[in-house]
1. If the elastic network links every pair of Cα atoms under 10 Å, which of Asp105, Asp60, Asp119 fluctuates the most in the Gaussian network model of the chain?
2. The stretch 90-142 to the stretch 35-54: how many Å between their Cα centroids?
3. Would you work out the relative contact order for the chain, in percent, from Cα pairs under 8 angstrom that are 6 or more residues apart?
4. For Glu29 and Leu102 in one chain, what is 0.36 nm times their gap in residues minus the Cα-Cα distance, to one decimal in nm?
5. Note the listed values [x] 58, 27, 24; [y] 66, 48, 31; [z] 54, 43, 25, then indicate which one is Cα extents along the principal axes in Å calculated from this particular structure.
6. Using a Gaussian network model of the chain whose springs link C-alpha atoms within less than 10 Å, name the residue from Gly44, Gly16, Gly125 with the highest mean-square fluctuation.
7. Please return the longest range in the chain lying between exposed loop sites, taking trypsin sites (Lys or Arg not before Pro), DSSP loop only, at most 12 other beta-carbon atoms within 10 Å, and leaving the sites out.
8. Below 8 Å, C-alpha to C-alpha, sequence gap of six or more: please give me the relative contact order for the stretch 65-142 in percent.
Amino acid sequence: MADENAPTDLWVERTGTRRYTGKSSRGAEVLIGSESVEGVFTPGELLKIALAACSGMSSDTPLSRRLGDNYDATVRVSGTADRDNETYPDLHEVLELDLSELDADAQQRLLTVVERAIDKVCTVGRTLKAGTKVSLDIVTDA
């Protein structure tokens, strides 16, 4: 039996020129490539999607508690790359919700709880805001 507390192994395998498949030990796959390749995400797009998904998932509990399990939500994320520095200096998220069933005070209270939940438990957003150390080892067959 696999250790359910073991971290998920993640890796990418090259499948062509500037094309990779991202894989996980849980069986997930995602196609990754350059912007000119149809049907793939760029690494930068995956970064932005990870942020949006993390915000959505972090807000899920307070929203479902107040709106019910079947509420609709879309988290849009944007940000243009600074190609001189190869960074995304500004990422912007928009959480789209239908709160028309709630009065203005209830809406504001819920949005405050949602913002706090995202700030507290969205690991991706917290990591981006804090910055992180990235290291690389290169292993060869030589």
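1. Greatest mean-square fluctuation among the candidates belongs to Asp105.
2. Using only Cα atoms, the two centres lie 16 Å from each other.
3. On the way: 146 pairs, mean separation 22.3, N = 142.
Averaging sequence separation for qualifying contacts and normalising by length gives 16 percent for the chain.
4. Working: separation 73, 0.36 × 73 = 26.28 nm, distance 3.92 nm.
Additional length available on full extension: 22.4 nm.
5. [y]
6. Highest fluctuation of the listed residues: Gly16.
7. Numbers: sites that count: Arg26, Arg83, Lys133.
In the chain, the maximal stretch lacking such sites is 27-82.
8. Working: 43 pairs, mean separation 15.5, N = 78.
Value for the stretch 65-142: 20 percent.
Readers should treat all values here as calculations from the given coordinates under stated rules, not as data from a laboratory. Remember, it's a predicted structure, so these values are computed and weren't measured experimentally. Backbone-built Cβ (ideal geometry, glycine too); neighbour counts: all protein chains shown.
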